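Report on the following structure.
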Amino acid sequence: MAAPAVLGLAVFVALPFLVAVGLSFTDERLGSPLATRLVGWEQYRRVLADPLFRRALANNLYFAVVVVPLQTVAALGLALLLNRRLAGRGFFRTLFFLPVVFPMALVAVVWVLIYAPGPEGTMNALLGAATGGVWAPRDFLHDPAWAMPALMLLSVWQGVGLQMVVLLAGLQVIPGELYEAAAVDGAGPWGRFWHVTLPGLRNPLIFVAVVTAILAFRLFDQVRIMTRGGPEGATTTVIYEAVAAAFDRQEVARGAAMTVLFFSIVVAITTVQRRVLRERGGVA
């Protein structure tokens, strides 16, 4: 039963990655008339010494550190709210999940219009109305101080629905008897949340946090469409730089080395994250 999925992973994930590992030890360039040579670890040394790569990696970490907890907390809040018996509950569940269905390319184009500079831009107009005209219009996507937060807001809005559905499913399998017993013992809403809901959502929360971290490190579409890595490198990411090296500058081997390094870093971070969360959650 698992054979088709395993075959797909082998052909479209494992094999390309092995090819990238092989290319990373060469000096391969697209269109170069020179023969490809093995250069060993030279590409990795160059990448690690490149300040642009280090800046891209720092941007990835910054994005993940902000987006992962923010999106997880927002998803948990929405799941708790929509787990209640509310009028139109099905409609709101669909509404919050809908952005997940849309392609990121389409979402990014729409949000470019939302972030339009000047008072006529949707975001500027909303903030101006909310602050009574105190807000000064900004060019979010071309301001180094606001470009990355703008991408964060878009990413949280687009992805929170998926995490919400996972947590909502987790909430629905928590036995109602536990809440009744906690209420009989005198636990208030906060006590029931802390001692019943959170322990019951332990595994879904671990899953959501790990998956959100992986998706946060894969930041590319928004950068490519909305900022092109700018302004002043404020939104450049490792994947964006790897793609630019391989296809814009034809430095295939350099792009492959970046990919392999980044893959190793992400695997290490997510492994540590999963282990820490499991230890704190008391999972064997």
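The values are calculated or read from the model by the stated rules, or taken from the named source; none is laboratory data. Source: prediction; values computed, not measured. Cβ coordinates were reconstructed from backbone atoms using ideal geometry, including for glycine residues, and neighbour counts include every protein chain displayed.
The table below lists the values:
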read-out: Count of the range 142-162 residues which are assigned to a helix (DSSP H, G or I) and in contact with a Phe, Trp or Tyr (Cβ under 9 Å, 6 or more places away or on another chain); value: 14
read-out: Flag for Arg89 being at pLDDT below 95, surrounded by fewer than 16 Cβ atoms within 10 Å (Cβ to Cβ), touching a Leu at 6+ places or on another chain (Cβ under 9 Å) and charged (D, E, K, R); value: yes
read-out: Criterion: surrounded by fewer than 18 Cβ atoms within 10 Å (Cβ to Cβ), of a type outside the set (Asp, Glu) and either under 19 Å from Tyr44 (Cα atoms) or under 21 Å from the mean Cα position of the chain (by Cα) (or both) - qualifying residue of Phe193, Phe263, Phe217; value: Phe263
read-out: Selected residue (only one of Val184, Val196, Val173, Val160 is closer than 21 Å to Leu219 by Cα and either of a type in the set (Val, Ile, Thr) or touching a Cys at 6+ places or on another chain (Cβ under 9 Å) (or both)); value: Val160
read-out: So Ile225, is it in contact (Cβ under 8 Å) with a residue 24 or more places away in the chain, of a type in the set (Val, Ile, Thr) and farther than 24 Å from Asp143 by Cβ; value: no
read-out: Matching residues, the range 110-135, being among the small types (Gly, Ala, Ser), over 26 Å from Gly229 (Cβ atoms) and in a loop (DSSP other than H, G, I, E, B); value: Gly132, Gly133
read-out: Residue match in the range 190-211 (condition: of a type in the set (Gly, Ala, Ser), under 19 Å from Gln71 (Cα atoms) and touching a Pro at 6+ places or on another chain (Cβ under 9 Å)); value: yes
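Residue-wise test of (1) touching a residue at least 40 places away in the same chain (Cβ under 8 Å); (2) under 21 Å from Asp248 (Cα atoms); (3) part of a helix (DSSP H, G or I).
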residue	(1), (2), (3)
Ala5	no, no, yes
Gly8	no, no, yes
Phe12	no, no, yes
Pro16	no, yes, yes
Gly31	yes, yes, no
Gln43	yes, yes, yes
Leu52	yes, yes, yes
Tyr62	yes, no, yes
